[in-house]
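No lab work stands behind these numbers, since they all come straight from the coordinates. Because the structure is a prediction, the values reported are computed rather than measured. When we count neighbours, we look across all protein chains shown, and the Cβ atoms used for this are built from the backbone with ideal geometry, even at glycine.
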Amino acid sequence: MAEPSQKMGLSEEAHAQLWPRGAFILSCATSEAGAWVIENMATLPEYRGTGVAQALLNYELDRARVAGYRRAQISFFVGNQRAEHAYINAGFRFSGEKCSPEFQSNLGVSGLRRLARDI
């Protein structure tokens, strides 16, 4: 994480403050052992409903397959119905959900939901 901070021009002091401020995210982090993790997926509003999300997911699933993975997972904010719908359409199924008061107070969302699928 130090390298991206340096590229962004953050001082060492600013970098040192990042971790404590974001540590609450771990309160809702979940993962499936040995699964390819897809993170931080987003589609600009003007491209929603055009198949772009499915194309991005297929691209990531192909990368996972080539890398030898047999399973993939994706997490998103609880309540993000659009994301959940897109991921279910791509064959992902419910795999877990984790919520915490700390997550809620920092982000205004109760936690993370995880979907997974075989590749």
- Task: Pick out, in residue order, every one of the GluC sites (Glu not before Pro) in region 21-119 that is DSSP loop and has at most 14 other C-beta atoms within 10 Å; say none if there are none.
- Result: 32, 39
- With θ set to phi - 60°, apply the Karplus curve 6.51 cos²θ - 1.76 cosθ + 1.60 along region 85-90 and write out the HN-Hα couplings as whole Hz, x wherever there is a Gly or Pro. 4, 4, 6, 5, 4, 8
- Query: When the Cα atoms of the chain are enclosed in a convex hull and the volume is divided per residue, what value in Å³ results?
  - Reply: 135
- Message: Give me the one-decimal nm value for the distance between modelled label points at residue 58 and residue 41, 7 Å along each residue's Cα-to-Cβ direction.
- Response: 1.3
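May I ask for the net charge around residue 34, where only other residues with Cβ less than 15 Å from the Cβ of residue 34 are counted and Lys, Arg are +1 while Asp, Glu are -1?
Spelling it out: positives minus negatives among the neighbours equals +3.
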- Neighbours of residue 112 by Cβ distance under 14 Å: Lys/Arg at +1, Asp/Glu at -1, summed charge -2
- Helix 12-22 sits off the longest principal axis of the Cα atoms of the chain, rounded to the nearest 10 on a 0 to 90 degree scale, by 50
- Task: Taking H placed 1.01 Å from N in the peptide plane, check which residues at least 5 places from residue 96 or on another chain put their amide H under 5 Å from its amide H.
- Result: 114
- Query: Over the chain, what is the relative contact order in whole percent, taking alpha-carbon pairs under 8 Å and six or more residues apart?
  - Reply: 30
- Enter the angle in degrees (range 0 to 90, nearest 10) between the Cα long axis of helix 52-66 and the first principal axis of the Cα atoms of the chain, meaning the one along which they spread out most. 90
